[in-house]
Amino acid sequence: MNERRGLVFVISGPSGVGKDALIDRLLAKDPNLRRSVSFTTRHPRANEKDGVDYTFVPRDKFDRLVAGDEMLEHAAYDGNLYGTSRERVNQLRTAGYETILKIDVKGAQQVRRRLPDATFIFLAPPSMAELVRRTAKRHTESAEEQSARAMIAETEMKYASHYDHVVVNDDLDRAVDEVLGIIQKVRAAHLTG
Ligand code: 5GP
C-alpha cells in the first residue's frame, strides 16, 4: 500500500464558508474527481444521508477504527469525531480517481505528514461578518452550535497560511473556477514531473 501515489486534494475552511457547495460543483464539473466519505460520530442533520454525506457511527465503533489504524487522519471538532478512511482513499486512488478530502485544519496537518504530495486548499470567507451571516442563514445548527463554530472559525483562519492555496469564496462560480484551475495545474505538473 503506497499512500504517496496518485493525487489528493485537501479542502479546509471554517464552517459555513461553502465547502460542500464548492465540492458538489467541482464533482459535477470534473468527472475524474471523487469525494472520500468520512466517518463521524456527529448526529445526521435532517438533509443528510448515511453513506453519502458521512458514514455515521457510534463512538465505540469510531474508536475501534482508530485503534485498528483504519483512519488516514482523524480529529475532534465541536465535541464530535471525524475521520478519513484509509481504505476508501486508497480504493479511489487505485481506481484512478483524484480524491477530495473535506477535512478540518487538524486533520489536514496529519495528511500533510502522511501524504506530503497532496495539495492543500483553504477556502476562506470574504470576511468574518459574512461567514457569521452565511452560517445563520443555513439553519442547520442551533444558536449554541453556531457560536461554538464561529469561535472555532477564528482559530481555523490562522491556519490559512499553512495551505498551498487560499481561495476566497466571494462568489461560488468564481471560487469553483479558481479551484478547478489549481487542480488542472497540479495534474499537468504531475504528468510532466
Ligand atoms: P460538519 O459537522 O459541518 O459536517 O463538519 C465539521 C468540520 O469537520 C468541518 O470543518 C469539516 O471539514 C470537518 N470534517 C469533515 N469530515 C472530516 C474528516 O474526515 N476529518 C476531519 N479531520 N475533519 C472532517
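The values are calculated or read from the model by the stated rules, or taken from the named source; none is laboratory data. It should be emphasised that the depicted structure is a prediction, and the values quoted were computed from it without experimental measurement. Ideal geometry is used to build each Cβ from the backbone, glycine not excepted, and the neighbour counts take in all protein chains shown.
For the range 1-51, a residue qualifies if it is modelled with pLDDT under 95 and among the aliphatic types (A, V, I, L, M), and the qualifying residues are Met1, Ala46.
I'd like the full set of residues that are part of a helix (DSSP H, G or I), β-branched (Val, Ile, Thr) and closer than 15 Å to Val10 by Cβ, limited to the range 65-90. If you could, list the steps in order and put the result at the bottom.
Within the range 65-90, the subset part of a helix (DSSP H, G or I) is 65-67, 86-90.
Filter once more, so that each one left must be β-branched (Val, Ile, Thr): 66, 89.
The answer is Val89, and nothing else.
What do you reckon, is Pro126 closer than 16 Å to Val167 by Cβ, surrounded by fewer than 18 Cβ atoms within 10 Å (Cβ to Cβ) and not aromatic (Phe, Trp, Tyr)? Answer is yes for this residue.
If you check Ala148, Ala124, Ala153, Ala160 for being touching a Leu at 6+ places or on another chain (Cβ under 8 Å) and within 14 Å of the ligand (Cβ to nearest atom), only one passes: Ala153.
Here is a yes/no grid of residues against (1) within 22 Å of Ala28 (Cα to Cα); (2) at pLDDT 95 or above; (3) in a helix (DSSP H, G or I):
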site: Gln146; (1), (2), (3): no, no, yes
site: Ala150; (1), (2), (3): no, no, yes
site: Ser161; (1), (2), (3): no, yes, yes
site: Val167; (1), (2), (3): yes, yes, no
site: Asp170; (1), (2), (3): yes, yes, no
site: Asp173; (1), (2), (3): yes, yes, yes
site: Val176; (1), (2), (3): yes, yes, yes
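Beta carbons closer than 9 Å, at least 6 apart along the sequence or on distinct chains, pair a first residue in the range 167-191 that is in contact (Cβ under 8 Å) with a residue 60 or more places away in the chain with a second that is among the aromatic types (Phe, Trp, Tyr) for Val179/Phe9; Ile182/Phe9; Ile183/Phe9; Val186/Phe9. Of the residues in the range 121-138, not one is out of contact with any helix residue (DSSP H, G or I) (no Cβ under 7 Å at 6 or more places or on another chain) and under 21 Å from Asn32 (Cα atoms). Taking the criterion of being within 24 Å of Ala118 (Cβ to Cβ) and surrounded by fewer than 16 Cβ atoms within 10 Å (Cβ to Cβ), the residues of the range 153-165 that qualify are Thr155, Lys158, Ser161, His162, Asp164. Checking Arg93, Arg112 one by one, the residue that is within 20 Å of Ile183 (Cα to Cα), away from the ligand (no atom under 13 Å from the Cβ) and in a helix (DSSP H, G or I) is Arg93 and no other.
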